[in-house]
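In what follows, a structure is listed as C-alpha cells, so that the remarks can point back to it.
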C-alpha cells in the first residue's frame, strides 16, 4: 500500500470528523448514542432486555431518531410511521442468532457469518415493511456496528452496488489491504449525558463507513465541530488525550 493511499484514508476520516472537538449536539453523534444504547445490553449480556416492557419504547425511540437524523425518513414510507412501527424489529432482533453481535469485518470471509448478515438484512425489511439496502445497513451499523451504511455516497466510494455477498467480500478486501491503517484510528463514542468520550470505540465498519462516505463525495460534517485550526493528524493520533482511546480500553 502506498503512502498516497494511507494519506487518502487519513484525509477522508479527517474531513468526515472535522479537526476539533466533536459536539454531542451534532448529527453524527446520533450514531454514538444509538450504538452506545444497544451495545450496553450486549456488555451486560442481557440482550433480551432490549425488548422488555420497561425498555421497548426507549429502544424504538433510539433507533427511530438515529435513522431520522441520518436521513432515513426522507422520501420514505417510514416518514408516515410512529416510533411504535419499530417494535416488531426490536422484538425480532432479540430473538435472532446472537452471533450477529460478534461479526466484524474480517468475518466477511466466513460464509456462515456473511449469510447471517444478509439474513438479518432481510428480517429488517420484513419487520419495517420497507426493503432498502440503505435502511438495512444503517440499522445494522447503529445497533451492531458490523456493516457500513450502503448509502448514495458510500457505495460509489468503495465501489459496491448493493448489500450482498460480493459487496461484503469487496469491503473485506479493502480492509485486508488497509487494516493496519484502519485499526490505528481509536475514536470513542460520545456519552449522551456528559457529552464526553466514552470507553466504547467506533467499530471497524464505522471507520470504513466514514472513509467510503467521503470518498464517494459525501459532504463534510465539520460544521458541527469546533477548533477547526487543530491539525487533523494530531486530532486523530494524539495518544493519551480524551479524544482518542486505545482499542479495547
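Since every read-out is calculated from the coordinates, none of them should be taken as a lab result. None of the values given here were measured: they were computed from a predicted structure. Cβ atoms come from the backbone with ideal geometry, glycine included; neighbour counts cover every protein chain shown.
Within 10 Å of each residue's Cβ, count the other Cβ atoms and sort 33, 192, 120 from fewest upward.
By the 10 Å Cβ count, ascending, the order reads 192, 33, 120.
Calculate the all-directions average of the projected area of segment 45-113's alpha-carbon convex hull, and give it in nm².
6.0
Working from the alpha-carbon coordinates of segment 1-158, get Rg over Rh, Rh being the Kirkwood radius.
Details: Rg = 16.4 Å, Rh = 16.8 Å.
When Rh is taken as the Kirkwood radius, the ratio is 0.98.
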